[in-house]
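Structure first, commentary second.
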Amino acid sequence: FDLERGPMIRLTLLRVSDAEHASVLTAHHIATDGWSMPLVYGDLLAFYEAFHEGRSLALPEPPLRYADYAAWQRERLQGDALEAQVRYWRELLQGAPALELPTDRPRPATASNRGRAYHLRLDDALAARVRETCRQQAATMNMVLLAAFAELLRRWSGQDDLVVGTLLGSRARPELEPIVGMFVNTAALRLRLPADATFRDAVAVTRRAVLDASRHQDLPFEKLVDEMGVPRDLSRHPVFQVLYFHQPNFAAQAAGPDDGDARPPALPMRPVDPENAGGLVDTGAAKFDLQLTTLETYAGVGGTIEYATDLFEDETIERMARHFVTLLRAAVDRPDAPLATLGMMADTERAAVLAMGTGPERRYEDDTLHALFARQAARTPGAGALAFEGRTMTYAELDARTNQLAHRLRRLGVGPEARVGVCMERGMEMVVALLGVLKAGGAYVPLDPEYPRERLAYMLADAAVPVLLTQPHLADVLPQHGAQTLAIDPAFAAIDGEPREAPADVISPAQLAYVIYTSGSTGNPKGAMNAHRGVVNRLRWMQDEYALAAGDVVLQKTPFSFDVSVWEFFWPLITGARLVLARPGGHRDPAYLAELIEREGVTTLHFVPSMLAAFVDAAPAERCATLTRVVCSGEALPEELAQRFQARMDAAGNGRVRLHNLYGPTEAAVDVTYWPCEPGVGGPIPIGRPVANTRILVLDGRGAPAPVGVPGELHIGGVQVGRGYLGRPALTAEKFVPDPFGEPGARMYRTGDR
């Protein structure tokens, strides 16, 4: 359209056959609106009737023209009237948040306005139920459908406070009804609902919002944006990014009533309904991030979702359309039920989402960590188990030392569920201490000697450990405490006279294995409790997935106050591999780590991504030729870093090494998801799929499974969920909640991760 010269309305006639033609009316919105369409076609039919009958026709002069309306509107919106309108909209929109829908692609700095559309239809039964709801609540179809659409937006965005744009007709005076022109104004509706609202409440709130906006619609939207000083942003529409509009059956008005008149019309007409088949249409443009237009036609009630292809994939919008129809059906069938109980996924989609988050079911034998180690020691007594700074231990030697410590701890009163503090530097004494505590029946509590004394004092008091294992040279590090202290030196003199045979096993897999304190970034540190059963499940899954063999060498370098250390310590020792311990502080030195990897033939080790980046940049890759698997966890793994690591290894001739991304909180037995980083495969690196006997659920704010692509809070279910927080029953109840998807009595952990 050329806005300086026009025309703003043009008509094209297409010959389909000798007896059938199609008219295509193309109109710029500056000149017409939905109400204008039947007026234009009414005039067209009148002229054709006259032409058909061979007579001339002069249409009556309208009492007003659009220019008269424009002048009246401009004159009226001044002074107090203008200020009252501006005040209403400014107060309504004060503090309103932007609607942030999940998008498939990042928002570009400048919107291209490229778009597509998806057509949907309501079946006759659903359309009838919508009309019945309209009658029951004295609401228009516009209000009922908008209430359902707003609830869909709440589910997809996770926001309860929404601003949605709409279009309002402004032909408030009878003399404006026969005029062709643009009498539609854009308005912003703010739709807020309490948490326990029903769909009936939602319709009432929407009805009130639409009526209030209609009473204050004289202010043009462009003027509102200027008056409110909304900063302009080339990436998005101002004030709102999603628009809803309902269009009544104007086509029926154009064709005229079906009154059974015996005289057939000169030009029988029926609308072409391109939405009848449904599906995607390449419209080429989108005015907003998202726009839903619902309409009534001869074929029934349908709609069109117009969307910006800068942001959304076709599959996402198809899924959204299905959710809208499913949610609408549930809402009109159960208008008095809380909105939170209304599903928007069909049963098949919901089942698929739950299946996606369910790890493989494996029947692992119930066991404890120390029992698995003892059996491995019996199988390979002479094999190397430990190496540290030139010292070594066989499996038999390690088994004997841990048995001796277990006997001593038993005599100090350690038994099932007893917590034993371990404040040691990395070394053989630490490994003996951890296994010895487990064999005694206790649960170990790591106390990093590098922690500040105040933090150690808090953890000792909070854990209330009756026994504390340490090393002679750390006596000055420890704060005052009331625990019995046992200092273990490199010669193990303190336990040398104890029996070397295993004490009677007194605990079950359901009992506590360790209490590891979280970082305490929000308040005091919290002791996360995990039982043997969950940790054993995690290690057996890891062995199934990565198959550690007797020839493998695992480097233990993670501070034992972090739960990654659990698999570093115990995975090699229950599979017959060799465990190499980095010197204290060595985990921070890339050059030392590279030298240790080369000297000890390390095949398997762990990095947090930030340390992996330092290692890749500083360590000579050629010294890492023995590596076959590197595990990352603890932070998001950047795609660029994974590619850089693989490129360095490939360049050094070690193309067989593989990088694995794992995720898991301390509250759920180390890791709960995994993802193999395949060489040459690009794209963001996800946290991956659930490990065996574990369930990963993304739940919305209502506790329902979120559909694919919709953000929610990550919840963990299954055998690896920990017991909770030591001495924090209220916090445990808040974070370890009933699991409606698991066995009766099961709990799932709310991670707080989105």
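Observations on the model:
- Within the full protein context, the accessible area of I687 is estimated at about 60 Å² for a probe radius of 1.4 Å.
- Once both labels are positioned 7 Å from their Cα atoms along Cα-to-Cβ, the gap between A58 and A266 label points is 1.8 nm.
- Phi angles across region 555-560 convert, under the Karplus curve 6.51 cos²θ - 1.76 cosθ + 1.60 with θ = phi - 60°, into 3J(HN,Hα) values of 8, 9, 9, 6, x, 6 Hz, Gly and Pro given as x.
- Rounded to the nearest 0.05, the FRET efficiency derived from the C-beta distance between D68 and Q136 at R0 = 45 Å is 0.65.
- Alpha-carbon spread of region 77-182, three principal axes, descending order, Å: 45, 43, 29
- Under 14 Å, Cβ to Cβ, from M430 - net charge with Lys/Arg +1 and Asp/Glu -1: -2
- Those trypsin sites (Lys or Arg not before Pro) in region 1-93 that DSSP places in a loop and that have at most 10 other beta carbons within 10 Å: R5, R55
- Distance (nanometres) between label positions extended 7 Å along Cα→Cβ at S17 and Q480: 10.2
- When the Cα convex hull of region 602-754 is projected onto planes of every orientation, the mean area is 10.6 nm².
- Size descriptor, Kirkwood hydrodynamic radius, that averages inverse alpha-carbon separations across region 515-627, Å: 15.2
- Taking label positions 7 Å along the Cα-Cβ direction at both E454 and R350, the computed distance is 5.0 nm, reported to one decimal.
- Lysine-lysine proximity count for the chain, Cα under 26 Å, sequence distance 8 or more or distinct chains: 5
- Environment charge at D161 (Cβ cut-off 11 Å; Lys +1, Arg +1, Asp -1, Glu -1): +2
- Percent of C-alpha pairs per 5 Å bin, region 1-137, short to long: 2, 5, 7, 9, 11, 13, 15, 16, 11, 5, 3, 2, 0
- Karplus-derived 3J(HN,Hα), 6.51/-1.76/1.60, for each residue of region 238-243, Hz, glycine and proline x: x, 6, 9, 10, 10, 10
- Shape of region 124-210, Cα gyration tensor, a/c cut at 1.5: oblate
- At full extension, R588 and A493 could sit 31.1 nm farther apart than now, given 0.36 nm per residue minus the alpha carbon distance.
- Local net charge near D462, Cβ-Cβ under 13 Å (Lys/Arg +1, Asp/Glu -1): +3
- A quarter of the convex hull surface defined by the alpha-carbon atoms of region 340-440 gives 11.8 nm² as the mean projection.
- Solvent accessible area, Å² - V205, 1.4 Å probe, full protein context: 30
- A helix-only calculation puts the chain at -10500 deg cm²/dmol for mean residue ellipticity at 222 nm, using -39500 (n - 2.57) for each DSSP H run of at least four residues, averaged over all residues.
- Area accessible to solvent at T110, 1.4 Å probe radius, in Å²: 80
The values are calculated or read from the model by the stated rules, or taken from the named source; none is laboratory data. Every value quoted in this text rests on a predicted model; they were computed, and no experiment measured them. As a convention, Cβ positions derive from the backbone with ideal geometry for all residues, glycine included, and neighbour counts pool all protein chains shown. The protein model used for the area step is the full one, side chains on, heavy atoms only, and it has no ligands, DNA or RNA in it. Shrake-Rupley method; radii C 1.70, N 1.55, O 1.52, S 1.80 Å.
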